[in-house]
Amino acid sequence: MPISRSEMEILTNQQQLDAHIKHRLLAEEAKEPNSTGHCISCGDPIEEARLKVSPKATTCIACEHKRDDERDRKHHFGACR
Ligand SMILES: [Zn+2]
């Protein structure tokens with residue numbers, strides 16, 4: 001039985017999806033440890049100790065804390081409503 005047109009389309013979509021997922025996974029892996037060792041937020045060098053604990057850190061401790069604070073505030077406001 002020949003493959004119907006819709007089946008062909010499903011197969012093609014599946015292949016595209018696979019390629020897309022593979023591409024995404026490769027992109028994830030390409031996220032190397034922060035090679036410059038500088039904060040992407042403020043540009044300061046990231047503390048060596050921090051890079052040792054999390055080599056993929058892209059922000060310094062100060063900026064990381066700032067981000068946490070903002071997240072906490074948002075969370076707090078959300079809980080108040
Ligand atoms: Zn910073």
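What follows draws every value from the coordinates through simple rules; no lab data is involved. Nothing here was measured: the structure is a model prediction, and the numbers come from that model. Cβ: placed from backbone, ideal geometry, glycine included. Neighbour counts: every protein chain shown.
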note = Computed about the Cα centre, the charge dipole of region 33-81 from +1 Lys/Arg and -1 Asp/Glu charges at the Cβ has a magnitude in debye, to the nearest 20, of 260
Rounded FRET efficiency, nearest 0.05, which uses the C-beta distance separating His76 from Glu48 and R0 of 35 Å = 0.60
